Amino acid sequence: MFLGFDLSTQQLKCVVTDGPPGFSISWEEAVHFDSDLPHFGTNGGTISPGPDEVVSFPRMWIEAVDLALERLKARGFPFHRVVAIGGAAQQHASVFWSAAGIAALKKLDASQPLAAQLGKEAFALDYSPNWQDMSTTKYCRQLEAAVGGPARISDITGSVAYERFTGAQIAKVFAEKPAAFEATARISLASSFLCSLLLGAAAPTDHADAAGTNLMDLRARHWHNQLLDAACPGAGPHLAELLGEPAPVDAIVGKVAKYYVERYGFSEGDNPSTLAGLEVILPSPRPDAIVSLGTSDTLFLAMDAMPPAAETESSSDGGKLDWNASIFAHPTDPGRFMALLCFKNGSLVRERLRDQVAGGSWAEFDKVFDTSSSSLFSDPADPPARVVRFAAFFPESERYEPPNLGRAPAFAAAAGGSGLDVPALCYCRAACMRAACARALSGFAPRALAVVGGGARGAAMPRALADAFAADVAASAGVAEACALGGCVRAALAVDAGRSATAAAAAAPGEARSPVRPDPHRSAALQHWLLNDLPAFERDVAALVKTHSA
């Protein structure tokens, strides 16, 4: 058996598979942070303590691990049959361990839960900055200036400096919370934090997640000294020590801690805990790109080489539109790369609209989408003008949508949650994703997409994506467990290093729904609108936001 964890924004999910060739899921367990651990007071797994600040809690994640394993134990799960453990976690989130925490990690007592041994004193910083945090803009500019600007840092690290990336978050802690930084003995990312809990020792960050820090030279796969110094002026070498050397994505970092052997009955054999990452298992033929519909909506694809940086374009307010994709180390194939486009307003926005117009039912949401979609495309002279309504439902500023689509609560109230908003929201998300993909990846146009995540269960978003990309869209069985299932696959690959990721994927289950085919009329309208009328669209939305926010 192979055990996979997924420490996401809203929940901790674990799945168990029997491994290759089928990777069929035999056990599942989930801990939802808001409902299962309400004493942390989170909404969607996070809180916002200040303007543009979004954080979560490592102690909450620890309690979730306790709860998930105790639930499996109560159900009679045979822990002794687990051969290897793998995982995935939300990107960029950082954990600042104290010396007391690292010491406690090394001497865990099996008679007590983890949470009783790793309390507040285990952390120099009680919270973890979340990937939705936007409070570090000046530190992004600090990193970029140190190496010669946005294009240069993108060439080094795979991305221009972004607020959510770990480097800017560390720079903020160094500058604004010097006592906390001084008390830090180790900095983990969410993935290596989860791995550390399982090891009973500080685990390294793998190359795939280290690429999300803006601190690693993506080609050399080592920390970049100049960027470390820029994040922590005068303390770059110390920061390198706190981070530890990044490790290959296929590394085996050790055996599961004795704590888990004694408390849960894991085997005392060579149970490797592989580092966290994402490997989505999909049927053949393989898609050109994958869209994950979760708290964030993410489009990504594998690449053999780093693409050239895309140029920025002037926006209607005189600023610059950033169309660069972030490039990461591939999570299973050393030496390859993965391009990623991340959109912040994902499932939470769709859930809010579902509650408004569909009585909380996804089935009803799909019905509203089907019955209302034609209204968006009814005027051939103005396709699809009403899509600008989607600005009302994007409460967080976006990276790839035009910059004037920012917070507009008055506009949201004025929109009133009509049925038309369902297709408007879905089509605008899909269409802007298509535009960002084409511009960031030098005109790349996938012929086939695979959709995973909770949003793939319904019909609305796959339909909107098919029309926007003019491509077939397929959702695989078990799509909602893709990240945790990827952890199982990585565990299996680490145990059998001779098996390539491609071979493992080919052996994975091939069951899938019939692909969604694009509607030619709607695809043509959306393509014309995106490729020719995007500047006008931005001006229209800016005017609407200004009018309804006055």
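The values are calculated or read from the model by the stated rules, or taken from the named source; none is laboratory data. Remember, it's a predicted structure, so these values are computed and weren't measured experimentally. Positions of Cβ are generated from backbone atoms using ideal geometry, with glycine treated the same way; all protein chains shown enter the neighbour counts. Remember, those area values only see protein heavy atoms, side chains included, never the ligands or the DNA or RNA. Shrake-Rupley method; radii C 1.70, N 1.55, O 1.52, S 1.80 Å.
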If the requirement is being open to solvent by less than 50 Å² (accessible area, probe 1.4 Å) and over 17 Å from residue 5 (Cβ atoms), which of these qualifies: 56, 98? 98
Within segment 101-136, which residues are touching a residue at least 60 places away in the same chain (Cβ under 8 Å), open to solvent by 40 Å² or more (accessible area, probe 1.4 Å) and under 18 Å from residue 12 (Cβ atoms)? 127
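Select, from 453, 498, 486, the only residue that is of a type outside the set (Ser, Thr, Tyr), modelled with pLDDT of 70 or more and under 25 Å from residue 88 (Cα atoms).
Values: 498 fails: modelled with pLDDT of 70 or more; 486 fails: modelled with pLDDT of 70 or more.
When all the criteria are applied, what remains is 453.
Quick check on segment 31-53: of everything there that is part of a strand (DSSP E or B) and more than 22 Å from residue 96 (Cα to Cα), which residue is most open to solvent (accessible area, probe 1.4 Å)?
Of segment 31-53, the ones part of a strand (DSSP E or B) are 31-32, 43, 46-47.
Now restrict to residues that are more than 22 Å from residue 96 (Cα to Cα): 31-32, 43.
Numbers: 31: 0, 32: 87, 43: 124 Å².
Filtering first and then ranking leaves 43.
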Of all residues being touching a helix residue (DSSP H, G or I) at 6+ places or on another chain (Cβ under 9 Å) and open to solvent by 20 Å² or more (accessible area, probe 1.4 Å) in segment 239-250, which is nearest to residue 69 (Cα to Cα)? Just the residue, please. 250
If you take the residues of segment 76-95 that are out of contact with any helix residue (DSSP H, G or I) (no Cβ under 7 Å at 6 or more places or on another chain) and in contact (Cβ under 8 Å) with a residue 24 or more places away in the chain, which of them is surrounded by the fewest Cβ atoms within 10 Å (Cβ to Cβ)? 78
Residue list for segment 208-225, restricted to those being within 18 Å of the chain's Cα centre (by Cα) and among the hydrophobic types (A, V, I, L, M, F, W, C): 208, 210, 211
Consider residue 139 against the criteria (1) of a type in the set (Ser, Thr, Tyr); (2) surrounded by fewer than 21 Cβ atoms within 10 Å (Cβ to Cβ); (3) out of contact with any Phe, Trp or Tyr (no Cβ under 7 Å at 6 or more places or on another chain); (4) within 24 Å of residue 209 (Cβ to Cβ): it satisfies all of them except one. Which criterion is unmet? (2)
The residue that is nearest to the chain's Cα centre (by Cα), considering only those in segment 340-364 that are among the polar types (S, T, N, Q) and outside any loop (DSSP other than H, G, I, E, B), is 347
Identify the single condition in (1) open to solvent by 10 Å² or more (accessible area, probe 1.4 Å); (2) over 17 Å from the mean Cα position of the chain (by Cα); (3) modelled with pLDDT of 90 or more that residue 22 does not satisfy, given that it satisfies every other one. (3)
Name the residues in segment 203-231 that are touching a residue at least 24 places away in the same chain (Cβ under 8 Å), open to solvent by 10 Å² or more (accessible area, probe 1.4 Å) and under 12 Å from residue 245 (Cβ atoms), would you? 204, 207, 221, 222
